[in-house]
Every structure is written in C-alpha cells, then in structure tokens.
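Presented below is the structure to which this report refers.
Computed from the coordinates by the stated procedures, all read-outs in this text should not be read as laboratory data. Every value quoted in this text rests on a predicted model; they were computed, and no experiment measured them. Glycine gets a Cβ as well: all are built from the backbone with ideal geometry, and neighbour counts include every protein chain shown.
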Amino acid sequence: MLGGCSKAPQGLRTLPDFSLTAVTVDGTSPLDRRALRGRAWVADFVFTRCTGPCPMLTANMAGLQKRLPRKIGLLSFTVDPDHDSPEVLNVYARKFSADPQRWFFVTGEKSALTGLLRDGFKMSVREGAVAESGANITHTTRFVLIDAQTRVRGSYDGEDPAALDLLTADAERL
C-alpha cells in the first residue's frame with residue numbers, strides 16, 4: 001500500500017495511451033487516457049460472473065461513490081471482456097446504483113485491457129474466482145488511485161476497510 005502521509009502520495013507513473021469503451025447506466029462512449037485528464041479517479045478490476053471477491057470489491061466501490069467528493073471518478077475495468085459486453089456491464093452498473101456521471105465500467109479488446117492492467121497499472125494478478133462457465137479468470141483485488149494528469153498515485157487493498165479509508169484520504173488530497 002502506498003501513501004498515508006499528510007500529503008497526497010507521490011506520482012509513480014503515467015498511464016499509457018489506450019482506447020476502450022466506457023459503459024454507464026445511460027449507455028456507452030469511447031474512453032481513452034485523454035478523457036481521464038482533469039479528474040482524479042479510483043480504478044478496480046472485476047468481472048460480472050465472479051463468485052469470489054468481485055461483488056465485495058464492487059460494493060466497496062459503491063461505498064466510495066458515497067464517500068468521495070463528486071469530483072473524483074470511478075473506473076471498474078472488466079477482466080472478462082469476452083463475457084462482459086456493454087449490455088452485461090450496464091445491468092451490473094444498475095445493480096450497484098452506479099452514478100453515470102462518475103462511475104464507468106470499462107470493456108474493450110482483451111489484449112488492450114490485459115496490457116493496460118499489466119503495463120499501465122503494473123498490477124500483478126492472482127487467481128480469481130472460477131466463473132460459472134468454468135473459465136479461470138485472473139485479476140487483482142487492488143484499487144488504484146489516478147491523479148488528474150493520469151498518473152498512478154497509489155495502490156490499495158480493495159478488501160481492507162483501513163486501506164479504503166487511506167485511499168479516501170489520499171484521493172481527497174489530490
């Protein structure tokens with residue numbers, strides 16, 4: 001876990017360019033690194049068929065939606081784009097009452113998502129839940145804080161309430 005000082009965590013690295021699709025309860029739109037500029041973001045990595053940590057991670061994001069100032073956006077990247085189509089993500093967003101002005105569920109080409117997770121967020125993956133289809137999906141349970149210049153500023157345990165408190169404090173200081 002990074003951060004925890006009285007000042008915002010130090011910038012670590014800038015996200016690379018990417019081209020994906022943002023899904024909200026209102027529809028879809030293109031999403032790229034330029035679209036993230038000017039706003040701080042919290043990102044996580046989930047899939048809708050997960051029977052392991054993903055429902056809790058998404059519930060924790062819903063909690064952050066209530067706790068964080070509206071100026072901070074939320075990004076939930078799917079790690080199962082073969083299943084998590086925009087239609088599936090729209091239903092999932094509704095299930096968690098995602099605010100379409102600030103919480104985007106992100107999908108796209110599998111290679112683009114995997115590359116961004118690995119090369120941009122520098123997230124190592126661990127075995128996730130076994131999906132209903134029997135496919136083994138790997139992902140991380142980390143939440144990532146991104147600043148308004150699209151720099152990764154910190155990584156936090158998405159399952160730990162104390163880490164989420166730290167993430168909230170760090171995000172509010174950006």
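Here, P(r) means the percent of Cα pairs in each 10 Å bin from 0 to the largest distance; for the stretch 13-173 it is 11, 46, 39, 5, 0. Could you please report the charge total around residue 13, scoring K, R as +1 and D, E as -1 over all other residues with beta-carbon less than 14 angstrom from its beta-carbon? After counting each charged neighbour, the total is +2. If you add up the charges near residue 150, with Lys and Arg at +1 and Asp and Glu at -1, over every other residue whose beta carbon is less than 12 angstrom from its beta carbon, what do you get? Neighbourhood net charge equals +4.
Could you tell me the relative contact order of the stretch 1-113? Use alpha-carbon pairs under 8 Å, at least six residues apart, and round to a whole percent.
Working: 166 pairs, mean separation 38.5, N = 113.
Once normalised by length, the contact order is 34 percent.
Taking every DSSP bridge with both residues inside the chain, close to 70 percent are antiparallel. Would you please state which residues of the stretch 15-58 a label at residue 67 would reach in this model, taking the label point 7 Å out along Cα→Cβ and a backbone N cut-off of under 18 Å? Those under the cut-off are 40-45, 54-58.
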